[in-house]
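Q: Starting off with a structure, shown below.
Every number here is computed from the coordinates shown, using simple stated rules; none is lab data. All values derive from a computational prediction rather than experimental measurement. Positions of Cβ are generated from backbone atoms using ideal geometry, with glycine treated the same way; all protein chains shown enter the neighbour counts.
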Amino acid sequence: MNTDENRQPIIRCRDIVKRFGGQTVLSGVNLDVYPGETMVIMGGSGSGKSTFLRTMIGTHKPEEGSVELFGEEICGLNAEGLDEVRKKFGILFQSGALFNSMTIAENVALPLREHTELDDEIIDIQVKIKLELVGLREDAQKFPAQISGGMKKRAGLARALALDPKILFYDEPSAGLDPVTSAQIDQLIIALSHQLGVTSVVVTHEMDSAFAIADRMAMLDRGVMICSNERSWFEKLRDMPTDEATTMDEPRRLVRQFLRGDAEGPLASRRDEGAYGEDLFGMTPDRVTRTPSVEPTRG
């Protein structure tokens, strides 16, 4: 994905700071997302990636910094102004967030009924088109309780596509899915990007999915954006021989550990430094054993 200086980002985040009470969740985060690309935002649990997503869509207002969508600063918009911007993007929530009392078709039709003045006949046609895109047209009259988790994700995606958005945001699209269904969702994200030309922002910690769908990738750690680059850069870092990796600085070693899922590395060392034993028993960390609290009784 070519992101030269002549291209203007469709999403531009600058110096984002978000706090909840006394806790700073995002600390000076910057990111550009360009039209037509798939940007994967990754990070461990508690890294701030879901908060960052909600800040990008206007659900959370940052204490500092700016978010521009389609060249418009959204942080100072009122509710009406935000609603107008939100018509230009769609969101696939982690659970699908379908209304259980509505059929799949009715769920997909809801944005069209709420935000357009289209006739029912035209809405029905649009719903069939969107459901066909995600392979659910024949399941249109089923209720959410009658379909699988993967089908719920696809139905949620069809609803996100209802208003023909220019940007699609995905919050952990593979969460809770088996490997085959997860791969199918990945292929659907890729197909929609190619067929419709939408810009995709995907928040995930599933590395197989991330490398399958990304044009570019970014990683958050403790609310700080520690790197963003082309997918090939992350692939090279992931596949680097161990002896070469030991000479890298800590941020890159941390990213490499996360990409590979290694048990040893900066992330593991950080957790060991938590002084759990001292907090629990008044013991220094080196006096705490790693033996299980209950010995197994079966071999």
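Q: With an 8 Å cut-off on Cα pairs and a minimum separation of 6 or more residues, tell me the relative contact order of the stretch 99-164 in percent.
A: Reported relative contact order: 49 percent.
Q: Continuing with this model, one more query. Would the stretch 43-137 count as rounded, prolate or oblate if I go by the C-alpha gyration tensor, calling it rounded below 1.5 in a/c and otherwise prolate when a/b exceeds b/c, oblate otherwise?
A: oblate
Q: Enumerate lysine pairs in the stretch 138-282 that are 8 or more residues apart or on different chains, then count those whose Cα atoms are under 25 Å apart.
A: 4
Q: Give me the one-decimal nm value for the distance between modelled label points at residue 8 and residue 120, 7 Å along each residue's Cα-to-Cβ direction.
A: Taking the two extended label points, one gets 4.2 nm.
Q: If you average 1/r over all unlike Cα pairs in the stretch 99-164 and invert the result, what Kirkwood radius do you get in angstrom?
A: Hydrodynamic radius (Kirkwood, Cα pairs) of the stretch 99-164 is 11.4 Å.
Q: Moving to a separate point now. Considering Cα pairs under 8 angstrom that are at least six residues apart, work out the relative contact order of the chain and quote it in whole percent.
A: Value for the chain: 21 percent.
Q: Here is a follow-up. Can you tell me how much longer the chain between residue 229 and residue 85 gets when fully stretched, taken as 0.36 nm per residue apart minus their C-alpha distance, in nm with one decimal?
A: 49.1 nm
Q: Pick out which of 57, 189, 123 has the largest mean-square fluctuation in a Gaussian network model of the chain, springs linking Cα atoms closer than 10 Å.
A: Highest fluctuation among the options: 123.
Q: Compute the distance in nm between two label points, each set 7 Å from the Cα along the Cα-to-Cβ direction, one at residue 260 and one at residue 77.
A: 4.3
Q: Would you mind telling me which residue in 44, 36, 22 has the biggest mean-square fluctuation in a Gaussian network model of the chain, where springs connect alpha carbons within a distance under 10 angstrom?
A: Answer for the Gaussian network model of the chain: 22.
Q: Using the Cα centre as the reference, give the magnitude of the dipole from point charges on the C-beta atoms of the stretch 84-134 (Lys, Arg: +1; Asp, Glu: -1; all else neutral), rounded to the nearest 20 debye.
A: Numbers: 6 positive and 9 negative charges, 73 e Å.
Around 340 debye, computed over the stretch 84-134.
Q: Let me ask something additional. Kindly state, to the nearest 0.05, the FRET efficiency for residue 268 paired with residue 63, given R0 = 30 Å and r defined as their beta-carbon distance.
A: According to the calculation, E is roughly 0.40.
Q: Rounded, prolate or oblate: which one fits the chain, using the alpha carbon gyration tensor with axes a ≥ b ≥ c (rounded when a/c is under 1.5, else prolate when a/b beats b/c, else oblate)?
A: Cα axes put the chain in the prolate bin.
Q: Hey, another quick one. How about the stretch 47-151: which chymotrypsin sites (Phe, Trp or Tyr not before Pro) there lie in a loop by DSSP and see at most 12 other Cβ atoms within 10 Å?
A: 99
Q: Looking at the chain as a GNM with Cα springs under 10 Å, which of 262, 243, 120 has the largest mean-square fluctuation?
A: Looking only at 262, 243, 120, the largest GNM fluctuation is found for 243.
Q: Here's another thing I want to ask about it. Just grab the label-to-label distance for residue 97 and residue 195, each label 7 Å out from Cα along the Cβ direction, in nm (one decimal).
A: Calculated label separation equals 2.3 nm.
Q: Something else now. Within the stretch 93-128, list the GluC sites (Glu not before Pro) lying in a DSSP loop whose Cβ has at most 10 other Cβ atoms in a 10 Å radius. Walk me through the numbers before you get to the answer.
A: Working: sites: 106, 114, 117, 121; in loops: 117.
Within the stretch 93-128, the qualifying GluC sites (Glu not before Pro) (loop, at most 10 other Cβ atoms within 10 Å) are 117.
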